[in-house]
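Report on the structure given below.
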Amino acid sequence: MKLKQLIIISMMGAISFVLMFLSFPLPFLPPFLRIDISDLPALVITILFGPLAGIIVELLKGVLYFIFASTAEPIGPIANFLASVIFLYTFYILYKKMNKSFILSGIIATVMLTITMTLLNYFVLLPMYGMIMNLDDIMSNIKTIVAAGIIPFNIVKGLMLTILLYILNIKLIPMLRDRFL
């Protein structure tokens, strides 16, 4: 990679880290599920430089968040990283194959994100979180948590990212493409 690309990727990782702090809960979801826009820089970089660059941005964000802001449990940052990578990689593949269709790529990536994170949360992440935090009630309520929390959260987050990325594509992404590619 060129030095300029590495600098841009690093800057976007730092911006993503800061954007993680601008999160908010949705009133109809559990409070531990917080919406943020920290995936947008990684998505922009993915469109400009490819999925590996976007994954590096997500990794930088996750590591910085775990070091400086996270609690002792690693499940939240791991889940955030997995969800982000699933969305951006699916979006990128579809975006390239479907002649740069942001909306359709985003909708299909949202479906993929929702299905994958539902399965991961049901079988792996929530049980691990329950064991680490010694919370037996998670296992007894896992179906409710997934159905009433995880599924709607991922749908809302995926659609929100799709809409915001579409808006950024109007001016920002073409400007960055002209300047750095």
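The values are calculated or read from the model by the stated rules, or taken from the named source; none is laboratory data. Owing to the predicted nature of the structure, the values given are computational and were not obtained by experimental measurement. Here Cβ is always computed from backbone atoms with ideal geometry, including for glycine, and neighbour counts include all displayed protein chains. Accessible surface is based on the protein model in full, side chains and every heavy atom, while ligands, DNA and RNA are left aside. Shrake-Rupley method; radii C 1.70, N 1.55, O 1.52, S 1.80 Å.
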Going residue by residue through the range 96-108, the Karplus relation 6.51 cos²θ - 1.76 cosθ + 1.60 with θ = phi - 60° gives ³J(HN,Hα) values, rounded to whole Hz and with x marking Gly or Pro, of 6, 6, 9, 6, 6, 8, 4, 5, 5, 4, x, 5, 5
Those chymotrypsin sites (Phe, Trp or Tyr not before Pro) from the range 111-180 that are DSSP loop and have at most 10 other Cβ neighbours within 10 Å turn out to be none
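Given a cut-off of 24 Å, name the pairs among Lys4/Lys61; Lys97/Lys143; Lys96/Lys143; Lys2/Lys157; Lys61/Lys100 whose C-alpha atoms lie farther apart than that in the structure shown.
Lys97/Lys143; Lys96/Lys143; Lys2/Lys157; Lys61/Lys100
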HN-Hα couplings for the range 122-129 via Karplus (6.51, -1.76, 1.60; θ = phi - 60°), in whole Hz with x for Gly/Pro, come out as 5, 9, 10, 5, 5, x, 5, 4
Taking only C-alpha positions in the chain, Rg and Dmax in angstrom work out to 16.5, 54
With no solvent term and unit scatterers on the alpha-carbon positions of the range 1-83, Debye gives log₁₀ I(q)/I(0) at q = 0.15 Å⁻¹ of -0.53
The simple spin-label model distance between Met11 and Ile170, using points 7 Å out along Cα→Cβ, in nm, is 2.3
Mean accessible area per residue over the chain (1.4 angstrom probe, all protein chains present, square angstrom) is 53
Summing -39500 (n - 2.57) over every DSSP H run of at least 4 residues in the chain and dividing by its residue count gives a helix-only mean residue ellipticity at 222 nm, to the nearest 500 deg cm²/dmol, of -24000 deg cm²/dmol
Of Gly76, Gly130, Gly50, the most mobile residue in a GNM of the chain (C-alpha springs, cutoff 10 Å) is Gly130
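For the range 1-108, run through the chymotrypsin sites (Phe, Trp or Tyr not before Pro) and keep only the ones in DSSP coil with at most 11 other Cβ atoms within 10 Å of their Cβ.
Numbers: sites: Phe17, Phe21, Phe28, Phe32, Phe49, Tyr65, Phe66, Phe68, Phe81, Phe87, Tyr89, Phe91, Tyr92, Tyr95, Phe102; in loops: Phe21, Phe28, Phe32.
Listed in order of number, the matching sites are Phe21, Phe28, Phe32.
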Along principal axes, largest first, the alpha-carbon spread of the range 87-181 in whole Å comes out as 53, 23, 19
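If you rank Thr116, Thr144 by how much accessible surface each has, with a 1.4 Å probe, what is the order from largest down?
Numbers: Thr116 35, Thr144 90 Å².
Heavy-atom accessible area, descending, gives Thr144, Thr116.
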So the carbon and sulfur contribution to the accessible area of the chain, 1.4 Å probe, in percent, is 74
Along the dipole axis of the chain (charges at Cβ: +1 for Lys and Arg, -1 for Asp and Glu; origin at the Cα centre), the most positive-end residue among Ile142, Ile93, Phe32 is Ile93
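Taking 25 °C and 0.890 mPa s as the conditions, I'd like the Stokes-Einstein D for the range 6-45 in µm²/s, using the Kirkwood hydrodynamic radius from alpha carbon pairs.
After rounding, the answer is 225 µm²/s.
Work out the length of the dipole vector of the chain about its Cα centre, built from +1 on the beta-carbon of each Lys and Arg and -1 on the beta-carbon of each Asp and Glu, and round it to the nearest 20 debye.
Numbers: 12 positive and 7 negative charges, 169 e Å.
That gives a dipole near 820 debye.
Of all the Cα-Cα pairs you can form in the range 61-129, what percent are over 13 Å apart? Let's see the in-between values first.
Details: 1549 of 2346 pairs.
Distances greater than 13 Å cover 66 percent of the Cα pairs.
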So for R0 = 22 Å, FRET eff. of Met131-Ile93 from the Cβ-Cβ r, to 0.05, ends up at 0.05
Within the set Pro41, Pro30, Pro51, GNM on the chain using Cα springs under 10 Å gives the largest fluctuation to Pro30
Correct response: the longest run of the chain lacking exposed trypsin sites (Lys or Arg not before Pro), defined by DSSP loop and at most 16 other Cβ within 10 Å, is 3-99
